[in-house]
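A short write-up of the structure that comes next.
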């Protein structure tokens, strides 16, 4: 009940005012966040802002009808390792590759992502840089080659009273 997917839980998306809203999160947002996690071989994606109710959103610079109030947006910071964050340009490029239709660079490491379309929002595309106010970025694609890390699983077996251990890496 608490998990939305392998890497994301319901409580990460709750409105900071305490009203809830975690039941309003769009499933395609979670699916694209999982795809982003995989493409970047992320250690972790932190949701700094998920659902925001219409009353709370304006208190943090949003609007009463922004993508967060619809449950289709998240502000994120992506960790490459436990202590190293991806820069926002790399995250924005990867977000474009996995199909987010709303992407905004917030600062050097934080990025807004959303799954807007004409059935859930008033426009179907927005790429912007909130640092500069440029709301008309054509693309974030810089040609970065993303090479997802292969999963490595430790194993240990006993055969004929001999213990063997090692790692299995997916192909």
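What is the ratio of the Cα radius of gyration of the stretch 10-169 to 2.2 N^0.38 Å, where N is its residue count, to two decimals?
Values: Rg = 18.7 Å, N = 160, 2.2 N^0.38 = 15.1 Å.
With N residues counted in the stretch 10-169, Rg over 2.2 N^0.38 Å equals 1.23.
What are the extents of the Cα atoms of the stretch 24-78 along their three principal axes, listed from largest to smallest and rounded to whole Å?
Here the Cα extents, ordered largest to smallest, are 35, 19, 11 Å.
Helix 27-39 versus the longest principal axis of the chain: what angle, 0 to 90°, nearest 10, using Cα atoms?
Compared with the principal axis, the helix lies near 50 degrees.
Could you give the length gained by full extension between residue 64 and residue 139, i.e. 0.36 nm per residue of separation minus their alpha carbon distance, to one decimal place?
Details: separation 75, 0.36 × 75 = 27.00 nm, distance 2.72 nm.
This chain segment gains 24.3 nm when fully extended.
Just want to confirm a number: the relative contact order over the chain, from Cα pairs under 8 angstrom separated by 6+ residues, in percent.
Details: 322 pairs, mean separation 27.5, N = 171.
So the answer I get is 16 percent.
From the helices alone, meaning DSSP H stretches of at least four residues, give me the mean residue ellipticity at 222 nm for the chain, per-run term -39500 (n - 2.57), in deg cm²/dmol to the nearest 500.
Working: 2 runs with 23 residues, N = 171.
Result for the chain: -4000 deg cm²/dmol, rounded to the nearest 500.
Rounded to the nearest 5, what is the percent of antiparallel bridges among the DSSP beta bridges in the chain?
On the way: 26 of 30 bridges.
Antiparallel: roughly 85 percent of the beta bridges in the chain.
Helix 88-97 versus the longest principal axis of the chain: what is the Cα-based angle in degrees, 0 to 90, to the nearest 10?
80 degrees
Can you tell me how much longer the chain between residue 149 and residue 80 gets when fully stretched, taken as 0.36 nm per residue apart minus their C-alpha distance, in nm with one decimal?
Working: separation 69, 0.36 × 69 = 24.84 nm, distance 1.09 nm.
Additional length available on full extension: 23.8 nm.
Bear in mind these aren't lab numbers, they're just calculated from the coordinates by the rules spelled out. A quick note: this is a predicted structure, and the numbers were derived from the prediction, not measured.
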